[in-house]
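A short write-up of the structure that comes next.
The values are calculated or read from the model by the stated rules, or taken from the named source; none is laboratory data. Being a predicted model, the structure only gives us computed values, none of them experimental. We place every Cβ from the backbone using ideal geometry, glycine too, and count neighbours over all the protein chains shown. For the accessible areas, the whole protein counts, side chains as well, though only heavy atoms, and no ligand, DNA or RNA atoms are used. Shrake-Rupley method; radii C 1.70, N 1.55, O 1.52, S 1.80 Å.
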Amino acid sequence: MDVSGKVVVVTGAAQGIGKALCERFHAEGARAVVAADLNADGAAETAANIGGMAFSCDVSKSEEIERMVEEVERELGLIDLFCSNAGVLDIDPDFDNAASATDAQWARSWGVNVMGHVYAARALLPRMIARGGGYFLNTVSAAGLLSQIGAATYSTTKHAGIGFAEHLAITHRDDGIKVSVLCPQGVDTAMVRGASGLQPALLDGVLSPEEVAACVIEGLAAERFLILPHAQVAGYIQKKAADYDRWLGGMSKMRRALKGG
Ligand SMILES: NC(=O)c1ccc[n+]([C@@H]2O[C@H](COP(=O)([O-])OP(=O)(O)OC[C@H]3O[C@@H](n4cnc5c(N)ncnc54)[C@H](O)[C@@H]3O)[C@@H](O)[C@H]2O)c1
């Protein structure tokens, strides 16, 4: 997909990767860019900078996404590309206990990192199928393909995010629905700056949100399912698939080093 002339919605657009996506889509000539976020002021700021439309929306609430889709299509035209980018990261309260996250943390991560994608698809699929197609770009993470040491809720819900995107792509390929998953490692945003314990990913190369947005443009142009801004992730997936036990051993070793360091 070439985003020029398209109507695009980006969730989690108040800052970080979502903000960079909005700016890049605008620069590429999108007809309309909608910046949606729980943080209404941040979304308004992103939208104001690019002459876009802001939307206050909690992606973990089905009715809020439904309302946004309805209003955007009424005001701006049919949505060509929906970027389900909002996400949350909780670190395990006890680094030495994989099951230490609270039920509230599990529910929050599931609500945003998984159901946010499901609700977007639920709201848009009937509309897109009726008009012959549409595009979903779901921001997941390399943690959904590999893992995130010290963050059970994040690792698990990001794996679920990949699972849903695969299912969406398989089920609706013949309906003209295209799907890409954006799976970076470390990106210099508030999410990683606010979380301790993410050093392995960060040591492996931190990209700016703008660099990630550039990879998205390229990945959308190629209509590739897997968009990997950190190219080395492709090799890690291959190693994991080739020898799962060896990969788990390597990750445990990395965890020990992280703990000692
Ligand atoms: N930063 C990284 O290293 C990294 C790496 C891989 C994947 N990701 C993913 O990229 C996406 C964007 O993350 P970021 O790094 O820009 O983080 P960020 O924290 O800077 O931005 C996330 C945005 O999502 C919004 N948000 C959170 N919950 C929401 C909800 N319920 N409804 C609507 N908006 C909500 C926040 O208000 C915030 O503006 C996330 O899905 C994240 O998991 C980030």
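Over the chain, with the other protein chains present, what is the accessible area per residue in square angstrom, probe 1.4 angstrom?
Here the per-residue accessible area is 45 Å².
My understanding is that a pair violates if its Cα-Cα distance is over 32 Å; which of LYS6/LYS240; LYS178/LYS259; LYS19/LYS178; LYS6/LYS158 do that in this structure?
LYS6/LYS240; LYS178/LYS259
Full-extension gain between ASP2 and ARG67, please, as 0.36 nm times their residue separation minus the C-alpha to C-alpha distance.
That works out to 20.7 nm of additional length.
Over the chain, with a Gaussian network built from C-alpha contacts below 10 Å, which listed residue (PRO184, PRO126, PRO229) shows the highest mean-square fluctuation?
Ranking PRO184, PRO126, PRO229 by mean-square fluctuation puts PRO126 first.
So what are the ³J(HN,Hα) numbers for segment 230-244, from phi and the Karplus equation (6.51, -1.76, 1.60; θ = phi - 60°), rounded to whole Hz, Gly and Pro as x?
Result, rounded to whole Hz: 9, 4, 5, 4, 4, x, 5, 5, 4, 5, 5, 5, 6, 8, 4.
Before rounding to the nearest 500, sum -39500 (n - 2.57) across all DSSP H runs of length at least 4 in the chain and divide by the residue total; then give [θ] at 222 nm in deg cm²/dmol.
My calculation for the chain gives -15500 deg cm²/dmol from helical runs alone.
Ignoring any ligand, DNA or RNA, what whole percent of the accessible area of the chain comes from carbon and sulfur when the probe is 1.4 angstrom?
53 percent
Run through segment 117-158 and list the trypsin sites (Lys or Arg not before Pro) located in a DSSP loop whose Cβ has at most 15 other Cβ atoms within 10 Å.
Sparse-neighbourhood loop trypsin sites (Lys or Arg not before Pro): ARG131.
Relative to a virtual label point 7 Å from the Cα of SER100 in the Cα→beta-carbon direction, which members of segment 128-165 show backbone nitrogen distances below 18 Å?
148-156
I need to check one value: relative contact order of the chain, counting alpha carbon pairs closer than 8 Å and at least 6 residues apart, in percent.
17 percent
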